[in-house]
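Presented below is the structure to which this report refers.
The values are calculated or read from the model by the stated rules, or taken from the named source; none is laboratory data. Please read all numbers here as calculations on a predicted model, not as lab measurements. Counting neighbours? That spans all protein chains shown, and the Cβs are built from the backbone with ideal geometry, glycine included.
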Amino acid sequence: MDTQQELRLSDDLLAFIDIWKEKRGNLIMILHRIQQDFGYVPKKIAIELSRYIDVPLAKIYGVLTFYHYFKQEKPGRNTLAVCTGTACYLKGAQDLLHEVENLLGAGVKQTTEDGEFSVEAVRCIGCCGLSPVMTINDEVFGVLKTDELAGIISKFHSKSSGQQ
Amino acid sequence: MPYKKFCLVCSGKQCASGQSEEIYKELKKLTMEKGICQDVQIVRTGCFGLCSKGPIVKILPDETFYVNVGVKDARAIIDEHIIAGQPVENLMLRHENPAKESRFYQKQVRIALRNCGIINPEDITEYIARDGYAALSMALFEMEPKDIIEELKKSGLRGRGGAGFPTWMKWKFTHDIRDQADEIFIICNADEGDPGAYMDRSILEGDPQSVLEAMALAGYACGSSMGYIYIRAEYPLAIERLYKAMDQAREYGLLGKNILGSGFDFDIEIRLGAGAFVCGEETALIASIEGERGMPRPRPPFPAVKGLWGKPTVINNVETYANIPKIILRGGDWFSRIGTEKSKGTKVFALTGKINNSGLVEVPMGTTLREIIYDVGGGIPNGKAFKAAQTGGPSGGVITAEHLDTPIDYETLGALGSMMGSGGMIVMDEDDCIVDVTKFYLDFSVDESCGKCAPCRIGGRKMYNILRKITMGKGTMEHIQQLRALAVPMQKASLCGLGQSAPNPILSTLRYFEEEYLAHIRDHRCPAGVCKALVTYTINPDICIGCTVCSRKCPNNCITGERKKPHVIDQDNCIKCGICYEGCKFGAVQIA
């Protein structure tokens, strides 16, 4: 998936787009599927999509840039997200973010140099009973203290875990 | 052979993050091992509500309630309780004060959450067994569309998404023009973006069929055959359960063509949101379903007349729908007996922040804040003092200690300068800075403003900048006037609910906590010790015993002192991280 020539609409994707092509208001659903496959919406794919469904590229980018959920840059191997909903904010989400930046050298909306982690500050993920909360990929870590972060992060690092 | 015992394992998102799935599998495995899987059924359910004490396991019929369960506890539950009949004492719900035990549930009345934590949300037969689809079947064969609207009118149900508009009126507008339209749409607004609120997510995860049934009822009442659920992409578990629920409903002939042989067609599609708070506003939501940028448009025309693709559209929120099957089944009069004069029924709140029993609670309208916080919520942790409760999120305001005994409904909250909102209730204690929290909400609204209209785009930014200056100790007395001067036109001139309500947190906190703003501006002091620029950490030499913990923990190495002698913080190099303050066991590090 890394190399440029592999950045093309796969047969699976084309089949998905064909189903949705005839439905009204399909663009956001198609972009979701593209992001699911690539982890982001690469420019090359957006151009190809524009031709395939005959929608101006400007409109596709209009939608892509409007919604926070869509990414235009390739994310790191792991996505670390600190919840910054109100309950987490009150219970120290900002301190978690600072500590994450200390540990990884990457702040919000940045990816570490080795491509291991992307850091995000996300809107409430609805785990307020466990605040403050951080997620790495799909795993939720609740009632977090700053001194627990280093241990958790190291488990996801490819060099130390040797898995994934 | 019927089962003798049931073991319910919460599979809501928060318990799932505490390995409830592993607990479920372990319990299942153990029942196989012991050969008792004929006698006891292990069930995955939706949210029980007491999220801060998860994972939760409940045993029926004796109603034993286990909290903070781990995978390793599964064996004890099976061996001691299920087989030997002795409940596992150390896992049972305890309260510091035994008299208050289980008050979490005592004051609750569960209508919208009636099935959450009771049924397996992935099995339609369990929903049907709890009177599921009885309302739809009754409506289709015994009621005219107008009868349904009449029942809703009697019930007094109002929109649970925030504004509180009577649900029956929305339905009636569309009902009355259904003959003139070639298409009509029903939308479920599940774009729950309010930070600190997760009522809708829990309903969709715990009882998705109730929403599908209510949408079909809306379709029948308003002459629609197509519904959309617009849900946040950030809720993968809820989306998955909705898809399963829709498949099962179609299989049972409760969704799709010719429902129950009545000749009524209704189907539902899911559309995903993409992380834009403004899409909770109904016209922006419609734009987003249409595949456009989620920008609102002026109303009127209202969606009930001209909505999705220009057709009449009924939009209700998840919790509103969850109430409807029960209202149709038991009658509007039954529902209207619960609650206050103008606000009927119950409201689900996501009770979070500085509260012991953080979780999801459903109480009758008219319950006081004191009952919610101290009885249901179990009070404030660590003996701290209650400062305020925030409702309505970035669109709402605060309720202070002097109003703890106000019965909560749409009108009283509005009169206090807050609003019902979608149901987030965030409790703040003496350690929370009101100005800082208000800045947090403004930051949110500014970030989420779509930028279409100037009052919201520019006004919000201006107000945020002023708050930022105040929290940095650069505030002036004029700033207070400027905030008030900006807020009112922004409320009046913004295009949609986001901009109109974004100044609410400022006006509300200025009303009740002006002194705290003034302390920041006049005295350069943050009374709660939150605003870092205004805080100085010092070590009280009379208390410090020279244990060296602070100097070892200081990340900037700016605390010095000999062992067993008072330490000193070098103020020039202090980065005000507060680690020494948290780390000192003797209370020697003080905030000035």
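Below is a table of values for the structure above.
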| item | result |
| --- | --- |
| Selection count, the stretch B:1-10, where residues are touching a helix residue (DSSP H, G or I) at 6+ places or on another chain (Cβ under 7 Å) and either assigned to a helix (DSSP H, G or I) or without any contact (Cβ under 8 Å) to a residue 60 or more places away in the chain (or both) | 1 |
| Qualifying helices (runs of 4 or more DSSP H) (wholly inside the stretch B:11-109; at least 1 residues being modelled with pLDDT of 85 or more and within 14 Å of chain A (Cβ to nearest Cβ)) | B:13-16, B:20-34 |
| Residue tally, condition buried (at least 18 other Cβ atoms within 10 Å of the Cβ), under 17 Å from B:Ala388 (Cβ atoms) and of a type outside the set (A, V, I, L, M), over the stretch B:479-521 | 9 |
| Cβ-Cβ under 6 Å pairs, at least 6 apart or on other chains, the stretch B:581-592 side farther than 20 Å from B:Cys526 by Cβ, far side part of a strand (DSSP E or B) and of a type outside the set (Lys, Arg) | B:Ala588/B:Ile539 |
| Leading residue by the ranking (surrounded by the fewest Cβ atoms within 10 Å (Cβ to Cβ)) among those in the stretch A:39-60 that are within 12 Å of chain B (Cβ to nearest Cβ) and either assigned to a helix (DSSP H, G or I) or touching a residue at least 60 places away in the same chain (Cβ under 8 Å) (or both) | A:Ala58 |
| Flag for B:Leu204 being away from every other protein chain (no Cβ under 11 Å) and modelled with pLDDT of 95 or more | no |
| Residue match in the stretch B:465-478 (condition: within 13 Å of another protein chain (Cβ to nearest Cβ) and surrounded by 20 or more Cβ atoms within 10 Å (Cβ to Cβ)) | yes |
| Single condition B:Tyr374 does not satisfy, out of (1) over 24 Å from B:Lys13 (Cα atoms); (2) surrounded by 21 or more Cβ atoms within 10 Å (Cβ to Cβ); (3) among the hydroxyl-bearing types (Ser, Thr, Tyr) | (2) |
| One residue from A:Leu80, A:Leu90, A:Leu149, A:Leu103 being at the interface with chain B (Cβ under 8 Å from one of its Cβ atoms) and aliphatic (A, V, I, L, M) | A:Leu90 |
| Scan of the stretch B:176-201 for residues that are part of a loop (DSSP other than H, G, I, E, B) and more than 9 Å from every other protein chain (Cβ to nearest Cβ), ordered by number | B:Ile177, B:Ala181, B:Asp182, B:Glu183, B:Ile184, B:Asp191 |
| Test: residue in the stretch B:398-408 that is in a strand (DSSP E or B) and of a type in the set (D, E, K, R) | no |
| From B:Val435, B:Val446, residue being closer than 28 Å to A:Tyr69 by Cα, part of a helix (DSSP H, G or I) and either within 14 Å of chain A (Cβ to nearest Cβ) or at pLDDT 95 or above (or both) | B:Val446 |
| Residues located in the stretch B:202-229, provided they are crowded, with 24+ Cβ neighbours inside 10 Å and part of a loop (DSSP other than H, G, I, E, B) | B:Asp207, B:Ser224 |
| Hits in the stretch B:340-354 (condition: closer than 13 Å to B:Lys154 by Cβ and assigned to a strand (DSSP E or B)) | B:Lys344 |
| Among (1) farther than 23 Å from A:Tyr67 by Cβ; (2) touching a Gly at 6+ places or on another chain (Cβ under 7 Å); (3) of a type in the set (Gly, Ala, Ser) - the single one B:Ala233 does not satisfy | (1) |
| Subset of the stretch B:534-592 (residues that are among the aromatic types (Phe, Trp, Tyr) and assigned to a loop (DSSP other than H, G, I, E, B)) | B:Phe586 |
| Wholly enclosed strands (runs of 3 or more DSSP E) of the stretch A:69-164 bearing at least 1 residues loosely packed, with under 14 Cβ neighbours inside 10 Å, touching a residue at least 40 places away in the same chain (Cβ under 8 Å) and not assigned by TED's automatic domain parsing to the domain that holds A:Ala46 | none |
| Check on B:Ala84, farther than 18 Å from B:Gly18 by Cβ, of a type in the set (Gly, Ala, Ser) and touching a residue at least 60 places away in the same chain (Cβ under 8 Å) | no |
| Failed item in (1) touching a strand residue (DSSP E or B) at 6+ places or on another chain (Cβ under 9 Å); (2) more than 9 Å from chain A (Cβ to nearest Cβ), with B:Gly383 passing the rest | (1) |
| The stretch A:1-38 - residue that is away from every other protein chain (no Cβ under 14 Å) and assigned to a loop (DSSP other than H, G, I, E, B) and, of those, surrounded by the most Cβ atoms within 10 Å (Cβ to Cβ) | A:Leu9 |
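Table: residues versus (1) more than 12 Å from chain B (Cβ to nearest Cβ); (2) under 23 Å from B:Gly193 (Cβ atoms); (3) aromatic (Phe, Trp, Tyr).
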| residue | (1), (2), (3) |
| --- | --- |
| A:Gln72 | yes, yes, no |
| A:Leu96 | yes, yes, no |
| A:Cys127 | no, yes, no |
| A:Asp138 | no, yes, no |
| A:Phe141 | no, yes, yes |
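To keep it simple, each residue is scored yes or no on (1) outside the structural domain of B:Cys450 (by TED's automatic domain parsing); (2) more than 27 Å from the chain's Cα centre (by Cα); (3) in a loop (DSSP other than H, G, I, E, B).
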| residue | (1), (2), (3) |
| --- | --- |
| B:Glu234 | yes, no, yes |
| B:Val278 | yes, no, no |
| B:Arg293 | yes, no, yes |
| B:Arg297 | yes, no, yes |
| B:Pro300 | yes, yes, yes |
| B:Val314 | yes, no, no |
| B:Tyr321 | yes, no, no |
| B:Ile324 | yes, no, no |
| B:Leu329 | yes, no, no |
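The rows are residues; the columns are (1) away from chain A (no Cβ under 13 Å); (2) more than 22 Å from B:Leu113 (Cα to Cα).
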site: B:Thr367; (1), (2): yes, no
site: B:Thr406; (1), (2): yes, yes
site: B:Gly423; (1), (2): no, no
site: B:Ile426; (1), (2): no, no
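Quick grid of which residues meet (1) in the same structural domain as B:Gly193 (by TED's automatic domain parsing); (2) more than 23 Å from B:Asp409 (Cβ to Cβ); (3) of a type in the set (D, E, K, R); (4) touching a Pro at 6+ places or on another chain (Cβ under 8 Å):
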| site | (1), (2), (3), (4) |
| --- | --- |
| B:Ala139 | yes, yes, no, no |
| B:Glu150 | yes, yes, yes, no |
| B:Lys153 | yes, no, yes, yes |
| B:Arg158 | yes, no, yes, yes |
| B:Phe165 | yes, no, no, no |
